[in-house]
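Student: Pasting a structure below so you can have a look.
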Amino acid sequence: MNNEQSTNRADQLDETVHQRHRLGILAFLSGVERAEFTTIRNELGLTDGNLNRHLALLADVGYVQISKPSTPGRRTRTWVALSPTGREALSAHVRTLQALIDSVPSA
Amino acid sequence: MFDVWWVLTNVTLRGKVAAMNFAQQSLPVAQDAGDASGQLRFVEGRRAASRRLAAAVWFPLLIGGIANIAAPTVVDLIGGDAASGWYWGFAGPLIGISCGLFYASRPIHLPVRVAITAAVIGIALMVGALFLGFSFGESRAGAPLLAVAAGLGAFAVLYRSLLVGLVGGAALIAAIALIAMNTSRAERVAYLTVGIVSCGVAIAALLTMRPEAHQE
């Protein structure tokens with residue numbers, strides 16, 4: 001019964017969120033208002049290409065918002081922020097994980 | 001001999017492949033409580049790391065520490081009963097503006113709610129230090145430290161920072177000791193102690209940050 005419940009709950013996990021690097025990006029952004037591309041890359045130990053690929057996917061589904069405000073005479077910074085939809089998706093993922101833990105009777 | 005070499009190589013390769021799969025692909029699908037709690041720890045760890053990085057408590061601690069170290073000398077130079085109040089009335093806004101500019105220039109920003117709360121605490125700290133500095137009677141020299149201690153306590157809760165709480169505790173003890181003794185020598189020692197503790201904690205916090213976090 002518990003195995004069935006666990007499998008059902010595991011099926012509820014959002015694959016977009018569940019992937020290790022994407023989960024790391026979303027979790028990292030959930031603690032702040034916004035972060036610069038290079039900071040996320042350095043903190044999560046990703047390459048530019050890898051982070052770009054994951055961010056493009058997350059932006060496509062509306063989980064993150066990417067902005068590049070340009071200031072004359074200054075380097076253009078790429079800012080990434082978690083969108084309300086992304087925050088909800090991460091919360092739902094965390095709730096599912098918590099439910100999975102709670103479904104196991106303590107010894 | 002060959003068998004031993006084959007087993008060792010095979011085990012090492014399998015370990016490497018497993019590690020690469022974990023690092024480059026996805027977390028194991030959470031089908032049991034162990035996997036799930038591991039993932040929850042992973043999420044919490046990343047969230048805490050970004051908050052810690054955005055809070056950058058080393059900067060306000062360093063600036064505040066320098067202000068405390070400079071306080072006795074500058075207060076002596078100003079002279080008069082309200083010298084402490086004048087000093088903090090000037091140093092407070094200067095610390096606030098420095099912190100504002102510092103946080104605005106950071107490549108990672110605290111949530112707006114936290115930033116607004118921090119600004120409110122900073123203003124309350126300044127007004128409190130000013131008020132106490134001007135109007136705490138004979139013990140006014142130690143009074144601004146009480147406001148500093150209260151402010152640091154609030155910042156410690158807001159930033160969830162033990163280091164800030166540690167400096168707040170040092171400020172509180174110094175303020176109580178200073179008010180109890182109420183001598184100019186005690187005042188100098190109290191401000192210097194708080195300043196040195198604050199700068200020391202700031203440097204320790206700065207040194208323990210991951211170097212790649214500073215890279216642009």
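Just so it is clear, none of the values below were taken in a lab; they were calculated from the coordinates. Since the structure is predicted, the reported quantities are computational estimates derived from the model, not experimental observations. FYI the Cβ positions are ideal-geometry reconstructions off the backbone, even for glycines, and counts take in every protein chain you see.
Student: Ignore the peptide's own chain and count Cβ atoms of other chains within 10 Å of each Cβ in B:99-108; give me the average, rounded.
Tutor: 3
Student: Kindly state, to the nearest 0.05, the FRET efficiency for B:L206 paired with B:D76, given R0 = 35 Å and r defined as their beta-carbon distance.
Tutor: 0.70
Student: For B:F131 and B:R185, what is the calculated FRET efficiency with R₀ set at 25 Å and r taken between the beta-carbons, to the nearest 0.05?
Tutor: It comes out at approximately 0.45.
Student: Could you give me D for chain A, from Stokes-Einstein at 20 °C and 1.002 mPa s, where the hydrodynamic radius is the Kirkwood radius over C-alpha pairs? Units µm² s⁻¹, please.
Tutor: My calculation gives 141 µm²/s for D.
Student: Peptides A:92-98, A:72-78, B:189-195: what's the order by average Cβ count within 10 Å, highest mean first?
Tutor: Ranking, from highest mean packing down: B:189-195, A:92-98, A:72-78.
Student: Let me know the mean shielding of B:46-52 by other chains, meaning the per-residue number of their Cβ atoms within 10 Å of its Cβ.
Tutor: Mean partner shielding for this stretch: 6.
Student: Please compute the average number of Cβ atoms from other chains found within 10 Å of each residue's Cβ in peptide A:94-100.
Tutor: 5
Student: From the P(r) of the range B:34-164, could you give the percentage of C-alpha pairs in the tail past 24 Å?
Tutor: Roughly 37 percent, once rounded to a whole number.
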